[in-house]
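To keep things clear, I will list the structure first and then write my remarks on it.
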Amino acid sequence: MLDTLNQVLLLLHFVGLALGFSVGITNMVMSGLIAKATPPEKAVLGRLPPNMSRIGRIGLALLWVTGFILVYTRWNGFATLPWQFHVKLAAVVLLTITVGFIHRLERMVQKGDVAAVARIQTAGKISGAFSIIALAFAILAFD
């Protein structure tokens, strides 16, 4: 029974991972399209990134919940996990902080702060780096 639960949790964990990575890729493509778009096109295209951001936050929440449960149901707590896992966890914490910052910037954009868009793009690149670091050290920890 516990094995089945862990398999479902791992599947959901990977779904969260896919949701998160889809945001970064989509927003990179969209920022290029928006930069070259006419003003009327920008208004339409600009609606996608905030919606994708919501999907990313759902994916990150799914990663946190499933990951926390898996730590205890599959590995009996944090103490039994290798140092690579702790590096992965640190990257996820930094990713979460960065995502929170992006969310704050998105609210600023909604209030008319156009300069916040550039900061979102920079923070998005940073979040992408934290995501790749977390993924790399997850592979090393659980190989």
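Observations
- Entry note, the chain: relative contact order of 27 percent, from Cα contacts under 8 Å with a spacing of 6+ residues.
- Folded to 0 to 90 degrees: helix 2-36 orientation relative to the chain principal axis, Cα: 20 degrees
- Charge-dipole axis of the chain as Lys and Arg at +1 and Asp and Glu at -1 on Cβ define it, positive-most pick from 25, 71, 7: 25
- Acute angle (nearest 10 degrees) that the helix 116-142 long axis makes with the longest principal axis of the chain, alpha-carbon atoms: 20 degrees
- Computed lengthening from residue 2 to residue 37, 0.36 nm per intervening residue step minus Cα-Cα distance: 7.4 nm
- Acute angle (nearest 10 degrees) that the helix 83-110 long axis makes with the longest principal axis of the chain, alpha-carbon atoms: 30 degrees
- Dimensionless Rg/Rh of segment 2-142 - Kirkwood Rh, Rg from C-alpha atoms: 1.05
- Segments 86-94, 37-45 sorted - mean Cβ within 10 Å per residue, highest first: 86-94, 37-45
- Rounded to the nearest 20 debye, dipole of segment 1-125 from Cβ charges on Lys, Arg, Asp, Glu: 340 debye
- Reduced Cα scattering model of segment 43-104, Debye log10 I(q)/I(0), q = 0.23 Å⁻¹: -0.98
Just so you know, all these numbers are worked out from the coordinates, no wet-lab data involved. Keep in mind it's a predicted model, so treat the numbers as computed, not measured. Cβ: placed from backbone, ideal geometry, glycine included. Neighbour counts: every protein chain shown.
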